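Everything below concerns the one structure shown next.
A short reminder: the numbers here are calculations on the coordinates, not readings from a lab. All figures in this text were calculated on a predicted structure; none of them were measured in a lab. In this analysis, Cβ positions are derived from the backbone assuming ideal geometry, glycine residues included, and neighbour counts consider all displayed protein chains.
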Amino acid sequence: MYCYQRDKVRAYWSPIHDVSKTAKEALLSSSLGFSGRHMRAAGAVFEIIHRWTRPNKRPEFNITSVEVHEKKYTVIEKTVFEKPFCRLKVFEKAEYTVDQPTVLVVAPLSGHYATLLRDTIHTLLQDHKVYVTDWISAYNVPLSEGDFSLDTYVEYLDDFYAFLGKGIHVLAVCQPCIPVLMAAAVLAEKDAPHQPASMILMGGPVDTRINPTTVNKLAERLPMSWFEQYMVSKIPHYAPGAKRNVTPGNLLLGGFIQMNLKTHLEKHYEHIQNVANNNNKSVKAHREFYDEYLSVMDLPSEYYIQTIDKVFKQHLVAKDEMDYKGQLFSFKSVTKPALMTIEGENDDITGLGQTYAAHKVCSNIPEFNRDHFLRLDVGHYGIFSGSRWRKDIYPQVRDFIKKHN
């Protein structure tokens, strides 16, 4: 088992974090007279060091308002249902009285916080009442709360669906496409009254045998013993989740960065140039992205290990051989929710065709209740965030929800 290092590393880098903060504030402060291009470039270097050595904390959603039909409404964020590993949150538009479709955004439980979907939620708020699964870092969940497995994930979705009531629309981004599909089949087999009206699956690993990415190939190649030894560690005794086995978010982040190291280096070089040249719009976008990207949470290790084994190695979803609490079920049971899949042409995490495979898996959904949208020239994050999400992909999602509401 890997030794939990996050807190030790944080303490080691703390002096450098403090020094870099002082240096970047001085060099980027026009009031101190350091206004030259080279001074700003040096300040940007210290800013990067400061960002990468900072203590890890959960970001805020910071969704305070939204414009609907050219009128701005205040947005109020509330927790409406809380479970040990997740808070169900709603974003309410104050003084907005028009009835709108309810959308539950199921955020990834794969290392980043649900705030990664800030743009997704804010855009959806124009035409919908939006809820989100705000996952809690396993670092902060006491061992007495029990384990969190794939089955637990499905239980949580069942509880959230029942709480929100019949006719909701579920939008899953990346990894949660799997438990959302599982929940659909489990609820269908018991003919639950709170089955969702539709499922929108975005960039999810339904069948990783199709156009496998670097992530998929790595999961296939390494034995389960490697994941159990190097991707699992125990939370130290002084933390809220003491003695819980977790997959540290910093390890997952390191893997993400290594996979695209050249791209990250290029983006940071561009950032230094943009700061030096006062390209404020690009500077702001870079800071917002990396403030979010570098904020990571620890996962329950049993959930992570099961996902690697059942989804990426055995391909049990694609083969329709999944089980729930030891009982086999079939995705062919799913008939009621409409199904939409969304993919990006340049997705390097979930290969092209892997999400579309959900239509084959849920083969008994009527043809008129299906849709698929492929956005060319878009990577994984562009599916749910950024201008192409807002201008091209969101209208497709909005119209699909409206059709099946």
How do Trp52, Trp135, Trp226 rank when sorted from fewest to most other Cβ atoms within 10 Å of their own Cβ? Trp226, Trp52, Trp135
What helix-only [θ] at 222 nm does the chain give? Using -39500 (n - 2.57) per DSSP H run of at least 4, over all residues, to the nearest 500, the answer is -11500 deg cm²/dmol
Which shape class applies to the range 252-405: rounded if a/c is under 1.5, otherwise prolate when a/b exceeds b/c and oblate if not, where a ≥ b ≥ c are the square roots of the Cα gyration tensor eigenvalues? oblate
Rounded if a/c is under 1.5, else prolate if a/b is larger than b/c, else oblate: which is the range 108-209, with a ≥ b ≥ c the root eigenvalues of its Cα gyration tensor? rounded
Given a cut-off of 28 Å, name the pairs among Lys129/Lys336; Lys217/Lys360; Lys21/Lys89 whose C-alpha atoms lie farther apart than that in the structure shown. Lys21/Lys89
Local net charge near Phe227, Cβ-Cβ under 10 Å (Lys/Arg +1, Asp/Glu -1): -1
Projecting each Cα onto the charge dipole of the range 225-345 (Lys/Arg +1, Asp/Glu -1 at the beta carbon, about the Cα centre), which of Asn279, Val246, Ala338 comes out farthest on the positive side? Val246
Using per-residue counts of other Cβ atoms within 10 Å, averaged over each peptide, order 255-261, 21-27 from highest down. 21-27, 255-261
Toy charge model, Lys and Arg Cβ at +1, Asp and Glu Cβ at -1: the range 343-404 dipole around Cα centroid in debye, rounded to 20, equals 340
In the range 68-173, what GluC sites (Glu not before Pro) fall in a loop by DSSP, with at most 16 other Cβ atoms inside 10 Å? Glu70, Glu95
What ranking, highest mean first, results for peptides 167-174, 230-237 when packing means the other Cβ atoms within 10 Å averaged over each residue? 167-174, 230-237
Just to verify a number: FRET efficiency for Leu218 and Tyr324, C-beta to C-beta distance, R0 = 22 Å, to 0.05? 0.20
With a ≥ b ≥ c from the Cα gyration tensor eigenvalues, square-rooted, and the rule rounded for a/c under 1.5, otherwise prolate when a/b > b/c and oblate otherwise, the range 216-303 is oblate
How would you rank 178-184, 39-45, highest first, on the average number of other Cβ atoms within 10 Å across their residues? 178-184, 39-45
What's the magnitude of the charge dipole for the chain around its Cα centre, counting Lys and Arg as +1 and Asp and Glu as -1 at the beta-carbon? Answer in Debye, nearest 20. 860
Sort Phe160, Phe289, Phe368 so the one with the fewest other Cβ atoms within 10 Å of its own Cβ comes first. Phe368, Phe289, Phe160
Count charges around Thr213 for me, please; just the other residues with Cβ under 12 Å from its Cβ, Lys/Arg as +1, Asp/Glu as -1. -1
